[in-house]
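Okay, so here's the structure we're looking at.
Derivation of every value follows stated rules applied to the coordinates shown; laboratory data play no part. Only a predicted model underlies this, so the values are computations on that prediction, with no experimental measurement involved. Positions of Cβ are generated from backbone atoms using ideal geometry, with glycine treated the same way; all protein chains shown enter the neighbour counts.
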Amino acid sequence: MTTVSARQPFAWDPAADLLSGPVGKRVTQCALSRVCGGCGEPLGRPIAFVGTPLERDRNAFHFPPMHAGCAADLLARLDALEPGSWLSVQTAGFEFVRANREDLDRRPTFEPNSLL
Ligand SMILES: [Zn+2]
């Protein structure tokens, strides 16, 4: 076990590594209940997503929606682990896209509908 300075985000398994990503059930809960993946509280606007440059280019993020402040906290922690590999975007809304049966990657994605 490594010591962590901050509490694991709401959508992450508390016992798992931050880089292992959020728990699928929690991601869906955040999407459908519109709660923050960082703190678990209801989302307002703007909505922030944390992801990689590739996810931004595809407009398809895998981490759940977050408050801007919660996203900034997560980004700082990820950047400490993998400097320069992560970024955050802000949007007024998003589409929750479930994977197709044929998709190799069965994780749902989030598509911000207009970046701020
Ligand atoms: Zn939050």
Q) Is it the case that the range 69-90 has a residue that's within 16 Å of the ligand (Cβ to nearest atom) and of a type in the set (Phe, Trp, Tyr)? A) no
Q | Tally, over the range 34-55, of residues that are away from the ligand (no atom under 13 Å from the Cβ) and in contact with a strand residue (DSSP E or B) (Cβ under 8 Å, 6 or more places away or on another chain) | A | 4
Q.
Could you check the range 57-72 and list, in sequence order, the residues that are within 12 Å of the chain's Cα centre (by Cα), surrounded by fewer than 19 Cβ atoms within 10 Å (Cβ to Cβ) and in a helix (DSSP H, G or I)?
A. Ala68, Ala72
Q. Do we have any residue at all in the range 40-57 that's over 16 Å from Ala11 (Cβ atoms) and touching a residue at least 60 places away in the same chain (Cβ under 8 Å)?
A. yes
